[in-house]
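**Student:** Have a look at this one.
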Amino acid sequence: MKILVAVKRVIDYNVQIRVKEDNSGVVTDNVKMSTNPPDDNAIEEAVKIKEAGKAKEIVAITIGDDKAQETVRKALAVGADRGIHVKADGIVEPLAVSKILKAVVEKEKPDLVFMGKQAIDDDCNQTGQMLAALLDWPQATFASKIEVSEKSLTVTREVDEGLETIEVNIPAIVTCDLRLNEPRYASLPNIMKAKKKPLDLMTASDLGIDTKPRIEQIKVEEPPKRKAGIKVSNVAELVNKLKNEAKVI
Amino acid sequence: MSVLLIAEHNNKELKPFTLNVINAATQIDEDVHVLLMGHSADAVAKSISEVSGVKKVIHVDNPTYENYLAENYVPVILNLAQNYNHIVSAANTFGKNLMPRVAAKLDTSQVSDIIKVISADTFLRPIYAGNAFATVKSNDSKKCITVRPTSFDPAPSSGGSAEIVKGESAEAFSPTKFVKKEEIKSDRPELGTARVVISGGRGMQSGDNFKLITAIADKLNAAIGASRAAVDAGYITNDHQVGQTGKVVVPDLYIAVGISGAIQHLAGMKESKVIVAINKDGEAPIFSVADYGLEADLFEALPQFLEELNKLNTIQK
């Protein structure tokens, strides 16, 4: 079995987001970037499946500018066998990403495609479902547990009411929840070895995909600031304020 | 043209968030049609027809739709799509799973998680877990939109008298099978929808100490949250995590205990209506978003808090 894992480079989750003064977006220059957190879970799960002897090859793919390649190298350092970097500049909307991934899936013919359930930059939560639609494959979204059989997966999904279990035939798309596993760290020797693993470069136009955004981003603003609150001096005062001023208890 | 809204339900009752989405839909266009796909869900169809603002209910009744699977819902929606400019659902796990599969089939770039309708093609949506707001305009002829339910008031559940029409089923998608759903049976409200949330951070010092929080949660009928630091330290399981990589919550009252207020935690709770922070470090960033800050040792403050709550004659539930 072959697993394709899609990873995205995003602003690190611990960085304070700053909006650009001209309201055209958020500041990304000189800001720490990392792999989108649930994409780490996607890679980890693929590696675990390979370690269990149920997969032969893991291919990590990213779509983005030159530096996006770092996320593929990181995936290679924790166990992916091969990388693909599809170069594209600027905003690439989930619809375009899923079209690129579809083109790659048709070439690579993986049995499974894994990715994080959502990217923490645009918070769209679309790509996996869109790719499943374009390929007419089953979609197991928000996965917190995956059991692999020969021809199908049994996936436990994190839904608002609790847990849902579905069975999907292979080939399938899985989008991963943070609860799926605990991503490992890359060891220094493995980081060195990853530099020698093969990485294919291509562009979106090589694949015949137009990445021009369909959605116009008119402006990006700071969210409204909260009014400064007060400090209370003791618990009795706090409870009194909550009861009689804020009226929330 | 009209808005097609996909209802979420369990064949017995409508999920309350659908009402919030109906309100958002009426701000896009007055002609809101609700698609109900289920099995033996006539009572749900009737309740939707009574919601203020709904003009038509399309009821598709088939055993295939007893349990929701996006793969089975999508062909039915696509068959109806030509009559509509907008297709709308909630930005919860139901709609998030469903709508992109519709959008890709229609070759439409979806607008996710809107918090405000500016016009029929322009919307406000949070990005970076609410650390920035983007105003976006959709230029696709069909617009697929998910709505953050907590950003809109629910539409009144009475006052409407929409017609109910039967809709056509479509072929089931056999590669995906529903197996089971385990609803979390808890006396406590769900973290994502609770009116009150009380969360503990690294300052709790141990998992055992969360019993101080549990006691207050019981009293306030609150959900229990935690910071990533508390989860990483193993004090509590990660389904309690509030923050950018956990759950985003917007309760009426959020009580942060022993939480310093890391950026990624603030992203998950700072839209709460009233925020209380209890922390012994007066400089902790959590105080910058708190309406009421109490600089105190939580191990003294929490038992006192419970004691004060016990003195109250009534507590809102």
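**Student:** Which three semi-axes in whole Å describe the equivalent ellipsoid of the range A:2-224, each the square root of 5 times a Cα gyration tensor eigenvalue, listed largest first?
**Tutor:** On the way: eigenvalues 141, 82, 67 Å².
Whole-Å semi-axes of the equivalent ellipsoid: 27, 20, 18.
**Student:** A further question follows. Determine, for B:283, A:164, the number of other Cβ atoms within 10 Å of each Cβ, and report the residues in order from fewest to most.
**Tutor:** The most exposed by this proxy come first: B:283, A:164.
**Student:** Per the Cauchy relation, a quarter of the hull surface: what is the mean projected area of the convex hull of the alpha carbons in the range B:80-223, in nm²?
**Tutor:** 13.9 nm²
**Student:** What are the residues whose amide H is under 5 Å from the amide H of residue A:61, where those residues sit 5 or more places off or on another chain and H is modelled from the backbone?
**Tutor:** Counting only residues 5 or more places away or on other chains, the set is A:5, A:6, A:7, A:84.
**Student:** Let me ask something else about it. Dividing the convex hull volume of the alpha carbon atoms of the range B:196-311 by its residue count, what do you get in Å³ per residue?
**Tutor:** Convex hull of Cα atoms, per residue: 86 Å³.
**Student:** Dipole size in debye (nearest 20) for chain A around its Cα centre, Lys and Arg Cβ +1, Asp and Glu Cβ -1? Present the calculation step by step, with values, prior to reporting the outcome.
**Tutor:** Numbers: 39 positive and 40 negative charges, 126 e Å.
For chain A, the charge dipole is close to 600 debye.
**Student:** Moving on to the next point. Among the listed pairs B:96/B:270; A:32/A:151; A:32/B:211; A:48/B:142, give every one whose C-alpha distance is greater than 31 Å.
**Tutor:** Listed pairs above 31 Å: A:32/A:151; A:32/B:211; A:48/B:142.
**Student:** Normalised by the residues of the range B:129-235, what does the relative contact order come to in percent, with Cα pairs under 8 Å and at least six apart?
**Tutor:** RCO, the range B:129-235: 23 percent.
**Student:** Going from the alpha-carbon gyration tensor of chain B, what semi-axes, largest first and in whole Å, does one get by taking the root of 5 times each eigenvalue?
**Tutor:** On the way: eigenvalues 316, 85, 67 Å².
The three semi-axes for chain B are 40, 21, 18 Å.
**Student:** Can you give me the distance in nm between label points at residue B:281 and residue B:181, each placed 7 Å from the Cα along the Cα-to-Cβ direction?
**Tutor:** Simple spin-label model gives 4.2 nm for this pair.
**Student:** Another question, if that's okay. If you take the Cα atoms of the protein assembly as shown, find Rg, then find the Kirkwood Rh from the mean of 1/r over all pairs, what is Rg/Rh?
**Tutor:** That ratio is 0.96, to two decimals.
**Student:** Please report the net charge: other residues with Cβ closer than 9 Å to the Cβ of residue A:116, K and R +1, D and E -1. Display every interim value, and only then the final one.
**Tutor:** Details: positive: A:8, A:117; negative: A:39, A:40, A:177.
With Lys, Arg at +1 and Asp, Glu at -1, the neighbours total -1.
**Student:** What residues qualify as long-range amide H neighbours of residue A:157, i.e. H under 5 Å apart, gap of 5 or more or another chain, H built at 1.01 Å from N?
**Tutor:** A:144, A:164, A:165, A:166
**Student:** Please report A:131, A:242, B:69 as a ranked list, fewest other C-beta atoms within 10 angstrom at the top and most at the bottom.
**Tutor:** Lowest to highest Cβ neighbour count: B:69, A:242, A:131.
**Student:** Sticking with this one: How much net charge surrounds residue B:85 when only other residues with a Cβ under 11 Å from its Cβ are counted (Lys, Arg +1; Asp, Glu -1)?
**Tutor:** -2
**Student:** Counting other Cβ atoms within 10 Å of each Cβ, which trypsin sites (Lys or Arg not before Pro) in the range A:134-186 have at most 10 and sit in a DSSP loop?
**Tutor:** Values: sites: A:145, A:151, A:157, A:179, A:184; in loops: A:151, A:184.
Taking the range A:134-186 and a limit of 10 other Cβ atoms within 10 Å, the loop trypsin sites (Lys or Arg not before Pro) found are A:151.
**Student:** Still on this structure, I have one more. Counting alpha carbon pairs within less than 8 Å and at least 6 residues apart, what relative contact order, in whole percent, applies to chain B?
**Tutor:** Here the relative contact order equals 15 percent.
**Student:** A follow-up question, please. Taking the convex hull of the Cα atoms, report for the range B:2-166 its projected area averaged over all directions, in nm².
**Tutor:** 8.4 nm²
**Student:** Among B:242, B:288, B:301, flag the residue with its Cα farthest along the positive direction of the charge dipole of the range B:196-311, charges on Cβ as +1 for Lys/Arg and -1 for Asp/Glu.
**Tutor:** In the range B:196-311, that residue is B:242.
**Student:** Just the C-alpha atoms of the range B:1-42: what Rg/Rh do they give, with Rh taken as the Kirkwood radius? Write out the running numbers ahead of the final one.
**Tutor:** Details: Rg = 10.7 Å, Rh = 10.7 Å.
Rounded to two decimals, Rg over Rh is 1.00.
**Student:** Sticking with this structure for a sec: Enumerate the lysines that residue B:273 could reach by cross-link, defined here as Cα to Cα under 18 Å, with residues fewer than 8 away along the same chain left out.
**Tutor:** Within the straight-line cut-off, residue B:273 pairs with A:225, A:227, A:231, A:241, A:243, A:247, B:116, B:247, B:317.
We did not get these values from a lab; they are worked out from the coordinates using the rules stated. Here the structure is a predicted model, which means the values were calculated and not measured. Because the Cβ atoms are built from the backbone with ideal geometry, glycine has one as well, and the counts that use them run over all protein chains shown.
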